[in-house]
1. I want to confirm something. Restricting to region 90-102 and keeping residues that are at pLDDT below 95 and within 27 Å of I536 (Cβ to Cβ), which single residue is surrounded by the fewest Cβ atoms within 10 Å (Cβ to Cβ)?
2. Determine, yes or no, whether I113 is touching a residue at least 12 places away in the same chain (Cβ under 8 Å), surrounded by 20 or more Cβ atoms within 10 Å (Cβ to Cβ), among the aliphatic types (A, V, I, L, M) and more than 12 Å from D575 (Cα to Cα).
3. Yes or no: F391 touching a residue at least 60 places away in the same chain (Cβ under 8 Å), closer than 19 Å to P280 by Cβ, of a type in the set (F, W, Y) and surrounded by 20 or more Cβ atoms within 10 Å (Cβ to Cβ)?
4. Could you please find all residues in region 203-258 being among the charged types (D, E, K, R), modelled with pLDDT under 90 and in a loop (DSSP other than H, G, I, E, B)?
5. Can you give me the number of residues within region 494-536 that are in contact (Cβ under 8 Å) with a residue 40 or more places away in the chain, more than 20 Å from Y552 (Cβ to Cβ), among the small types (G, A, S) and not in a helix (DSSP H, G or I)?
6. Which of the residues belonging to region 142-159 are open to solvent by 90 Å² or more (accessible area, probe 1.4 Å) and in a helix (DSSP H, G or I)?
7. Take the residues in region 603-631 that are open to solvent by 40 Å² or more (accessible area, probe 1.4 Å) and in contact (Cβ under 8 Å) with a residue 24 or more places away in the chain, then tell me which one is farthest from S522 (Cα to Cα).
8. With respect to I554, determine if the residue is closer than 30 Å to H460 by Cβ, of a type in the set (A, V, I, L, M, F, W, C) and outside any helix (DSSP H, G or I).
Amino acid sequence: MEGELNNGKENMNNIRDKVEGYFRSLGLGVYQYRYLSLAFVVALTGFLLLQLANLTVDTSNDAFYREDDPIRVEYNEFRRQFGKDDHIIIGLESAEIFSSSFLQTLEQIQAEIDDKVPYLNKVTSLLNVRYTYGLDDELIVEDFIESIPQSTNELMALKQKAIKNPYYQNYLLSKDGRFTFIDIEPVAIKAASSADKEQIVNAKFVSTAEYGEMLDALQPILEKYRSSNLKIYAAGFPVISDSLTKAIEQTMAELMPISMLVNMVFLLVLFRRLSGVIYPSIVVLLSMASTVGAMAWLSISLDLVTSILPSLLIVVSVADSVHLLSGFYQEYDNNGGDKKAAIAHSMGQNSLAILMTSLTTAVGFASFILADMAPVAHLGVVAPIGIALAFIYTVLLLPALIAIFPVRKKNVSSKATGYTNKILDWIADVSCSSYKSILFGSFVLLLIGILGASQLRLSHNALKWFPQDSQVRVDTTMIDTAIGGSIPIEVTIDTGKKLGLYNPDLVSRLAVSAETVKGMSSGSVGIADIISLHTILKEVNKALHANNDADYTIPDSRELIAQELLLFEISGADDLYKLVDSDYSKVRFTIIIPFTDAIQIKPVLEKIKTHFVLTYPDATISITGIAPMLVETMYDVLTSMLKSYSIALLAITFLMIALLGKLKIGIISMVPNILPIILVMGVMGWMGLPFDFSNMLVGSIAIGLVVDDTIHFLHNLRRHYDRTGDIDVAVRATLHSTGRAIFITSMVLASGMVVAMTAYLSSTANFGIIIAIVIVVALLADYFLVPALMYALFKKSSSQSSNGAVNSL
């Protein structure tokens, strides 16, 4: 049995030796055919960049769901039937809303919006909102203000009519009378007419890009009329979505160059060679550009999930480049400046570890393909492509650049090198001699991390990512405070019967539901307004009964309902077809809430679902719209990411076992990989950072980051241990070689993440803080915990080796 085990170890070692030999030969081949290698890299990059202009940015809810996802299919059906639910709400605050001068200004603003803003379906304000009344047994539905009154008495009468109209309250008027609003409804589908929209099944819905065009045209109009006497605010999901898109684009445009500059400064300080700065930077830039180009080829948008790719690729590319360059420089300085031999040596010594780290990271991300959420699945496709490209550029481009351009040779006996060696020797001594204390301390830190992680609160409110004084946050808060909300929950009740909505019992239940749902407010989720068919029927019934307030009720017979709806229909008003389908079998029930934490919306949404299912047992209930999709997105992303993380960790564990050649070592090697992640989650809990959508993505990079450094350390530790049979010597030798590279990559990456702390969006700033902590903790784990674990496992074997025993890690 012992002989079989030894044979297995020897076979594994032979395989490693052969692979390392292949990479050594590859290094020599690239050195010899340097210009051919460079041409291949240029051609590959050029090809991938051909479609770059077609890359899109999409932060809409649609981006989170696959085309055939039932949630998206249901929402698309709703939009085709009833139009857009996510409106732009413009709030105008003035002390004299019902003055002729203000109404004239409102008229001018609305006229400019109608004239200059694209993708409009309808713009509604006090000027043209429906006003329903009876005159000589005739039903009249007309614009509320046909012409702007001039006299004080007429204006006061107009004000009283507006205040008394229940439909206007919390829709176009605030309760305190300080605000009036303009409701901008975009078209649902980019089509020529409403008739076309009903015929188009697979048409493109108006979304993020079109929101941007609308708001780019709208903002100058609003700015033109803003003054000390007229404050203007803009809210609604399109406003928040567009602001988030622009903020992400701005953040990437501003922080990436700064982060790259800081990385270059640290590379210069640590390597003290110009080539050590330029070459990794080229690999990083080409990896990012080519990956983004690949996204364009695959028609994958840059969204809230895939926006982490630049940060991920910086981590992967810098780590790959630094390990290869560090090995090259060390050999180059020691062998008298022979570049060819140094390239071959570094490629043989480091490329297998780089390949292993690329494989584990790629496999970890590839597990995301199984996720239910489209962006998470897209990350599972694109991230492995980017990781593979980073590897290709590292092993083909770096050796070619080294071969083509001169490299300065350093004095290996410098004072800095001496100090560094002393520090590394001290770490080796402490990690081995005090291994029990380190293991115990790590266990205590693990418990602290678990305790802190238990305090994490699930939360998602993208509005809070913006600074408190940002226009989008101030405007949304002001409008939500003034009228209670600006985001819809859409309920559709399908009776399954033609003319089913003529049933007085069903319409009465709509009115009861409106009052019941208003009482479901909870925490920050207040029910601002309810819009449905019962409101129109009450208006018509009152108008047909001499405008008597006492008759603002639901008709009590099927015939009356049919008659009143017919009268409203032939009056010329188009509001009815936004609430019912053409055969009066399906009705829309809109609930307006504020833009708030999606997690707090969840229990309210569950109450609403339960109410409608129980209240309308014979109908088919569908709940969709921006707010429900936001809630479902959050929970689905959480579920998808947690499932993907579990699969990723399991897959990486199996890879570690396969690559390291031992079950026990492979499993134990995951301890220093998991500790930094749990500890960082604990820090998030202690700091009170919300576990939101953005922070969930940290785990993607964290897993790849900590695993990569551990693989490099263990790969070289195995080599030194197999050669010497002494774990103390192996730890010391590994720290002097791989330890230097890990330190350089950690410092470079941490410095780049520190830059992110200055980002405009708090989500990006928190991301930078968390990743920086992960990097530092992972470095300490690789310096102290990994050697301590290996020493605890192999100290006995080391003592046996002195008596002639054969050892292998």
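1. Applying the filter and picking the extreme gives I97.
2. Working: touching a residue at least 12 places away in the same chain (Cβ under 8 Å): yes; surrounded by 20 or more Cβ atoms within 10 Å (Cβ to Cβ): yes; among the aliphatic types (A, V, I, L, M): yes; more than 12 Å from D575 (Cα to Cα): yes.
When the stated conditions are applied, I113 passes them.
3. Values: touching a residue at least 60 places away in the same chain (Cβ under 8 Å): yes; closer than 19 Å to P280 by Cβ: yes; of a type in the set (F, W, Y): yes; surrounded by 20 or more Cβ atoms within 10 Å (Cβ to Cβ): yes.
Against the criterion (touching a residue at least 60 places away in the same chain (Cβ under 8 Å), closer than 19 Å to P280 by Cβ, of a type in the set (F, W, Y) and surrounded by 20 or more Cβ atoms within 10 Å (Cβ to Cβ)), F391 qualifies.
4. Listed by number, the list holds a single entry, K204.
5. Qualifying residue count for the region: 7.
6. Initially, region 142-159 is screened for residues open to solvent by 90 Å² or more (accessible area, probe 1.4 Å), giving 146, 150, 152-154, 156.
Answer for region 142-159, where residues must be open to solvent by 90 Å² or more (accessible area, probe 1.4 Å) and in a helix (DSSP H, G or I): T152, N153, E154, M156.
7. Of the residues in region 603-631, the ones open to solvent by 40 Å² or more (accessible area, probe 1.4 Å) are 603, 606-607, 609-610, 613-614, 617-618, 620-621.
Then drop every residue that is not in contact (Cβ under 8 Å) with a residue 24 or more places away in the chain, which leaves 603, 607, 618, 620-621.
Details: P603: 8, K607: 11, D618: 29, T620: 26, I621: 23 Å.
Here the residue is D618.
8. Numbers: closer than 30 Å to H460 by Cβ: no; of a type in the set (A, V, I, L, M, F, W, C): yes; outside any helix (DSSP H, G or I): yes.
Considered against the rule, which asks whether it is closer than 30 Å to H460 by Cβ, of a type in the set (A, V, I, L, M, F, W, C) and outside any helix (DSSP H, G or I), I554 comes out as no.
The values are calculated or read from the model by the stated rules, or taken from the named source; none is laboratory data. Since the structure is predicted, the reported quantities are computational estimates derived from the model, not experimental observations. Heads up, the Cβs are rebuilt from the backbone with ideal geometry, glycines too, and the neighbour counts pull from every protein chain shown. Only protein heavy atoms, including side chains, enter the accessible area calculation; ligands, DNA and RNA are left aside. Shrake-Rupley method; radii C 1.70, N 1.55, O 1.52, S 1.80 Å.
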